[in-house]
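The values are calculated or read from the model by the stated rules, or taken from the named source; none is laboratory data. From a predicted model like this one, the values you see are computed outputs, not experimental measurements. Neighbour counts run over all protein chains shown; Cβ positions are idealised from the backbone, glycine included.
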Amino acid sequence: MSMWGRYANGRGLAARVRGAVAGGKAGSPGDRVPDQGGEAQGARRGGATGIGHAGAQAGKPSKYGNTRLTVSGETFDSQREMERYHHLRILQRAGKIQQLERQVAFILAPAVVIGGRKRPALKYVADFTYVEEGATVKTVEDVKGHLTEGYRIKRHLMAAMGIQIKEVR
């Protein structure tokens, strides 16, 4: 096996690292060979994966078992989120809800400087927001399969701001 062989976990060095260490230009296009530990053309730099993408990464499943997918040019974090979105679109067409929005960001804490380094604002990104028929405030909704510790903290901070999150399972 070459100097750039596989690690104990079965993964090789990233193509850009191999190129830079070998004295070449980091991340040169010739290094991106999928079967040699590099990156697939369609999946590099967080490219879209899912239905209809040739660059979909096969192999390791996501931590919580969800599968990202793209339908009609819109990317969803899970099958359940996509199904809920289509249900909400039906409710919107029927006049039961209005102002349906996806992936709405809420700032929980502004950006700060800690130890001379700027830290970004803390955000919570809701799956959906909409106004229900007869309501005056927006409903914030999140499709959940698994409640993480990070989500619980963000839910708490949202509640402290007076915003309740409707969790759909």
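Residues that are farther than 15 Å from V168 by Cβ and outside any strand (DSSP E or B) within segment 91-103 comprise Q92, R93, A94, G95, K96, listed in sequence order.
Report whether or not R119 is under 24 Å from the mean Cα position of the chain (by Cα), of a type outside the set (S, T, N, Q) and loosely packed, with under 13 Cβ neighbours inside 10 Å. Against the criterion (under 24 Å from the mean Cα position of the chain (by Cα), of a type outside the set (S, T, N, Q) and loosely packed, with under 13 Cβ neighbours inside 10 Å), R119 qualifies. Considered as a group, the residues in segment 128-150 that are modelled with pLDDT of 90 or more and not β-branched (V, I, T) include one that is surrounded by the most Cβ atoms within 10 Å (Cβ to Cβ), and that residue is F128.
Just checking, does segment 142-157 include any residue being within 30 Å of Q92 (Cβ to Cβ), β-branched (V, I, T) and more than 18 Å from the chain's Cα centre (by Cα)? No, segment 142-157 has no match at all.
Answer yes or no: is there a residue in segment 65-80 that is assigned to a loop (DSSP other than H, G, I, E, B) and touching a Pro at 6+ places or on another chain (Cβ under 9 Å). Yes - at least one qualifying residue is present in segment 65-80.
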